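The values are calculated or read from the model by the stated rules, or taken from the named source; none is laboratory data. Model, not experiment: these values are computed from the prediction. Cβ: placed from backbone, ideal geometry, glycine included. Neighbour counts: every protein chain shown.
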Ligand SMILES: Nc1ncnc2c1ncn2[C@@H]1O[C@H](COP(=O)(O)OP(=O)(O)OP(=O)(O)O)[C@@H](O)[C@H]1O
Ligand SMILES: [Mg+2]
């Protein structure tokens, strides 16, 4: 863990398409709008954090930090007031294929954050890839908290039990407890299955599911193609409303009751 002040939160689920990136970007911007100093760190070689915020040039980023030992501050970009990003960079995928370095390889991100200005931020949100390789391990070791987005379909529950195994193993290896949060995403509140999945998650994780479910909202799906967050694109949408209250949930630790 870095400075005791900063909350470093990995947004993780090995299941693809559950809303990790959407949550990182929009929750991050919501926290920034609430006057928190926020950095979004992209650990997914797909590199969607930069494009979602309107950066289209090929940026270097956390790839150079992990592969070449550059400092995070040398690749950090200002995206919005209070909101900085550390892009993935073109070469991030190479890091999954690093075999030398032993256990040290798993702690590179944590060390880089500790020796950067990110220590002094309020929140660092780490967008993770839908896999469980070395990138995910680095995110997990760097994080003090974990947010697992769970979408409203049945297969999400399967992904979730796998995530619990990964979390347990990581805690054993690092000797550090990670605070767990879950967030319901892509909720179609009129579908019975969606409600069933949420109820199941609430039952398995009492006190750990953030209060606000994120509704399926077309504006949330549209905004990244304009390089905009939901707050740049449709401030009055359901998506904006949900991510603002989710940010409050996270700031005060407000969980849903089953
Ligand atoms: N609440 C929502 N309402 C509508 N569309 C959404 C919502 N959340 C996410 N989406 C859309 O669903 C798709 C997957 O979302 P996203 O990219 O955030 O998931 P992910 O978990 O990061 O995926 P990956 O595993 O590929 O990284 C995207 O097209 C996104 O725009
Ligand atoms: Mg993603």
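Details
- The numbered conditions (1) outside any helix (DSSP H, G or I); (2) touching a strand residue (DSSP E or B) at 6+ places or on another chain (Cβ under 7 Å); (3) in contact (Cβ under 8 Å) with a residue 60 or more places away in the chain; (4) away from ligand 1 (no atom under 12 Å from the Cβ) are all true for residue 160 except (1).
- A single entry from 193, 220, 180 fulfils the requirement of being in contact (Cβ under 8 Å) with a residue 24 or more places away in the chain, part of a helix (DSSP H, G or I) and away from ligand 2 (no atom under 16 Å from the Cβ): 193.
- For residue 131: the one exception among (1) surrounded by fewer than 23 Cβ atoms within 10 Å (Cβ to Cβ); (2) touching a strand residue (DSSP E or B) at 6+ places or on another chain (Cβ under 7 Å); (3) within 16 Å of residue 14 (Cα to Cα): (2)
- For the residues 209, 183, the requirement of being touching a helix residue (DSSP H, G or I) at 6+ places or on another chain (Cβ under 6 Å), under 23 Å from residue 156 (Cα atoms) and at pLDDT 95 or above singles out 209.
- Extreme residue, surrounded by the most Cβ atoms within 10 Å (Cβ to Cβ), among residues of the range 233-244 that are touching a residue at least 12 places away in the same chain (Cβ under 8 Å) and out of contact with any helix residue (DSSP H, G or I) (no Cβ under 6 Å at 6 or more places or on another chain): 242
- Matching residues in the range 115-146 - criterion: being within 20 Å of residue 40 (Cβ to Cβ), away from ligand 2 (no atom under 13 Å from the Cβ) and not in a helix (DSSP H, G or I): 115, 116, 121, 122, 123, 124, 143, 144, 145, 146
- For the range 163-190, taking the residues that are under 20 Å from residue 238 (Cα atoms) and within 14 Å of ligand 1 (Cβ to nearest atom), the one that is surrounded by the most Cβ atoms within 10 Å (Cβ to Cβ) is identified as 184.
- Counting only helices (runs of 4 or more DSSP H) wholly contained in the range 1-103, the ones carrying 2 or more residues that are more than 16 Å from ligand 1 (Cβ to nearest atom) occupy 20-33, 62-68.
- Sub-8 Å Cβ pairs linking a first residue in the range 9-32 that is within 17 Å of residue 223 (Cα to Cα) and within 9 Å of ligand 2 (Cβ to nearest atom) to a second residue that is in a helix (DSSP H, G or I) and at pLDDT below 95, at least 6 apart or interchain, are 18/156; 18/159, ordered by first then second residue.
- Checked against the criterion of being at pLDDT below 95 and either over 30 Å from residue 62 (Cα atoms) or crowded, with 20+ Cβ neighbours inside 10 Å (or both), the candidates 229, 194 yield just one match: 194.
- Considering 71, 61, the condition of being modelled with pLDDT of 95 or more, under 25 Å from residue 132 (Cα atoms), buried (at least 20 other Cβ atoms within 10 Å of the Cβ) and more than 14 Å from ligand 2 (Cβ to nearest atom) is satisfied by 61 alone.
- Taking residues in the range 110-122 that are on the phi < 0 side of the Ramachandran plot, and partners anywhere that are surrounded by 17 or more Cβ atoms within 10 Å (Cβ to Cβ) and in a loop (DSSP other than H, G, I, E, B), the pairs with Cβ atoms closer than 6 Å and at least 6 places apart or on different chains are 113/2; 114/2; 119/2; 119/6; 121/6; 121/37; 122/36; 122/37.
- Odd one out for residue 90, checked against (1) touching a helix residue (DSSP H, G or I) at 6+ places or on another chain (Cβ under 6 Å); (2) surrounded by fewer than 21 Cβ atoms within 10 Å (Cβ to Cβ): (1)
- Single condition residue 207 does not satisfy, out of (1) touching a strand residue (DSSP E or B) at 6+ places or on another chain (Cβ under 6 Å); (2) assigned to a helix (DSSP H, G or I): (2)
- On the stretch given as the range 245-258, residues that are crowded, with 19+ Cβ neighbours inside 10 Å and more than 16 Å from the chain's Cα centre (by Cα) total 1.
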